[in-house]
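Worksheet: the structure to be examined is printed underneath.
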Amino acid sequence: MTLLEFARGYAMNWAIVLFIAGMIWRLVGVLLLFRHTDLSRPRNTHTFWGGLRTVFTRFWPHKVFVRPTLFHLATGYVLHVGLLIVIFFFVPHILYFKNLLGVEWPGLPNNAVMVAGVLTLGALVAFLARRLIHPVMRKISGWDDYFSWLVTALPVATGLLAFAHLGLRYETMLAIHILSVALLLAWFPFGKLAHAILFIPSRAQLGAWFQRRGVRA
Amino acid sequence: MKKDQPLIDLLREQGVSRRGFLKFCAVTASMMALPPSMVPAIAKALEQARRPSVIWLSFQECTGCTESLTRSHAPTVENLIFNAISLDYDHTLQAAAGVAAEEARETAMKENWGKYLLVVEGSIPTGNPGFSTIAGVSNVQTLEEVAKGAAAVIAVGSCASYGGLPHAAPNPTGAVQVSDLVKDKPVVNIPGCPPIPVVITGVLTHFLTFGRLPELDSLGRPLAFYGNSIHDRCYRRPFYERGQFAETFDDEGAKKGWCLYRLGCKGPVTYNACATTKWNDGTSFPIESGHGCLGCSQPDFWDMGGFYKALSQPSATPVSGMAAAAGVGVAAGLGAGWLARQRQVEAKEKEDRS
């Protein structure tokens, strides 16, 4: 069995299994928690809509915070939009989703995806540099932060190298790329990367509370 | 043909001009990425070369490799050179000769001990010795016996090079490649299903010229022919870069010659000279004919998850594993949720008590 066969077969399959089991475990566990009993009289009872609204309004900070968080905001958007383009609009990736989910959508030209990939990697490096340089950031950073950064950066870096036919032979680089994605999927539910899914229930819960108390935030 | 007659005389007898001969030498040097200064060396070596004795063994194979060679674009200098070697034994071509053929092999081995070239076509079964025999002798035994006196071994085709179709899962005959059994002789792999004829003549020419095998890659293939991937040399590559892919074999994209990646082309991970040397007298190669590369010169190409499955797709979708994972996830989540609630209740009771 070649490394590529192992990556496309066992490694990826087990990673998907871990991802699904882990993510459902965390979601069900979080959703089953008791909510704090709020004894105050509700100002508003449309808590569902309030929760839903907050899921989207939190994509942009209040204007007071835009300037102080500009670096984080801009780099964060480059990183997340870049990842979105690279993961969901590169044709070989779309074919992967088609195989798994049975649906597909139009892709972007490879070179456009490559530009997005380079910007994404740049944003990741900028975030890491800030984490290492900024004294407060360095203080509050733990093992999870660095490992989550690594498993996010690896697929982007190896994907770019495989695409550009740089470094090792293409099939080896492709296998390493797939293995790095498998590592990302396997780690995803158990570390801070799970925010990519858990942000929805957490924002919704906060929004629902705010709605009930009449907070406009 | 006299055995000790120089190769150049044989070619002359068969109507090959000096110009044609030098052209072949130049083309061979160019294909093998040798400097132009090596052309006279190749010509000189070939002029002086005596017909090397070649023993061609056929094991678990479909004879496609022999078919590819014998039906290559004819007549060419490559063919004549190939005809001019002393093919003292070929199991496929001499099968009807029976005992006489086996005697011819033994004589050739005795007369050219340590100097003959052994060409092997097909994989070797290591399971039941009766799976494949020649004159009642198992393939393993024949290979070991003939390889002992060979100067070098050339594994022709993917079966001999990497086990090929017989080696495909679940490999019922326990098929192995030549280099799994021959450890003390230089082995060169010329994989392909079938391999390109000119690659075989190129390797033979290199051996006649330099007295050794050409530089090989990590899979034992001549780098000169297997140094680049099909994808790297594919004329459809610009369409890949632009994200223009044929989605079926008869859609607009296919008619416009767009990239065949979505249709399962294995060009990006396949190393061979098809895109440059081409087939049928340089007419075309599979991608040019509208079909994706099958990856036939790579090990285990039969087991790469399907010819029509794109390279980025997993070789198998773990549907049952995913369903089981979802079940495990729900169960674990319910358990974790219940435990967390218990803790919350205990904390509240503790708070109420204090």
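The values are calculated or read from the model by the stated rules, or taken from the named source; none is laboratory data. Predicted, not measured: the structure shown is a model, and the values here were computed from it. All Cβ positions, glycine included, derive from the backbone under ideal geometry; neighbour counts span all protein chains shown. What goes into the accessible areas is simple: the full protein's heavy atoms, side chains included, and nothing from ligands, DNA or RNA. Shrake-Rupley method; radii C 1.70, N 1.55, O 1.52, S 1.80 Å.
Under 7 Å between Cβ atoms, at least 6 apart or on separate chains: pull out the pairs that start in region B:182-198 with a residue that is within 17 Å of B:L57 (Cβ to Cβ) and end on any residue that is open to solvent by 10 Å² or more (accessible area, probe 1.4 Å) and assigned to a strand (DSSP E or B).
Cβ pairs passing all conditions: B:V188/B:L216.
Output the residue which, of all residues in region A:88-100 that are buried (at least 19 other Cβ atoms within 10 Å of the Cβ) and more than 7 Å from every other protein chain (Cβ to nearest Cβ), is nearest to A:P155 (Cα to Cα).
Out of the qualifying residues, it is A:F90.
Any residue that is part of a helix (DSSP H, G or I), more than 9 Å from every other protein chain (Cβ to nearest Cβ) and either farther than 23 Å from A:V181 by Cα or at pLDDT below 85 (or both) - is there at least one of those in region B:327-339?
no
What helices (runs of 4 or more DSSP H) lie completely within region A:1-75 and have 1 or more residues being more than 14 Å from chain B (Cβ to nearest Cβ) and surrounded by 12 or more Cβ atoms within 10 Å (Cβ to Cβ)?
Hits in region A:1-75: A:47-57, A:63-66.
Assuming A:K192 fulfils every condition listed in (1) open to solvent by 60 Å² or more (accessible area, probe 1.4 Å); (2) in contact with a Phe, Trp or Tyr (Cβ under 8 Å, 6 or more places away or on another chain); (3) of a type in the set (K, R) apart from one, which condition is it?
Evaluating A:K192 over (1) open to solvent by 60 Å² or more (accessible area, probe 1.4 Å); (2) in contact with a Phe, Trp or Tyr (Cβ under 8 Å, 6 or more places away or on another chain); (3) of a type in the set (K, R) leaves (2) as the failure.
Please work out which residue is farthest from B:C274 (Cα to Cα), limiting yourself to region B:297-326 and to residues that are more than 10 Å from every other protein chain (Cβ to nearest Cβ) and open to solvent by less than 30 Å² (accessible area, probe 1.4 Å).
Across region B:297-326, the extreme among qualifying residues is B:F301.
Return the only residue of A:L206, A:L185 being in a helix (DSSP H, G or I) and open to solvent by less than 50 Å² (accessible area, probe 1.4 Å).
The unique qualifying residue is A:L185.
For A:I85, which of the numbered conditions (1) under 21 Å from A:I197 (Cβ atoms); (2) over 22 Å from the mean Cα position of the chain (by Cα) fails to hold?
Exception for A:I85: condition (2).
Test each condition in (1) under 22 Å from A:I20 (Cβ atoms); (2) open to solvent by 40 Å² or more (accessible area, probe 1.4 Å); (3) at the interface with chain B (Cβ under 9 Å from one of its Cβ atoms) for A:P109 and report the one that comes out false.
(1)
Only one of A:T152, A:T172 is on the phi < 0 side of the Ramachandran plot, away from chain B (no Cβ under 13 Å), assigned to a helix (DSSP H, G or I) and among the polar types (S, T, N, Q). Can you tell me which?
Every option except A:T152 fails the conditions.
Taking B:V203, is it open to solvent by less than 60 Å² (accessible area, probe 1.4 Å) and either modelled with pLDDT of 90 or more or polar (S, T, N, Q) (or both)?
Taking the combined requirement at face value, the residue does not satisfy it.
Say whether the condition of being closer than 27 Å to B:G295 by Cβ and not charged (D, E, K, R) is met by at least one residue in region B:100-116.
There is no residue in region B:100-116 that is closer than 27 Å to B:G295 by Cβ and not charged (D, E, K, R).
Which number in (1) of a type outside the set (S, T, N, Q); (2) within 14 Å of chain A (Cβ to nearest Cβ); (3) part of a loop (DSSP other than H, G, I, E, B); (4) over 12 Å from the mean Cα position of the chain (by Cα) marks the one condition that B:G290 misses?
Exception for B:G290: condition (2).
Among the residues of region A:147-179, count how many are surrounded by 17 or more Cβ atoms within 10 Å (Cβ to Cβ) and under 30 Å from A:R58 (Cβ atoms).
Count: 10.
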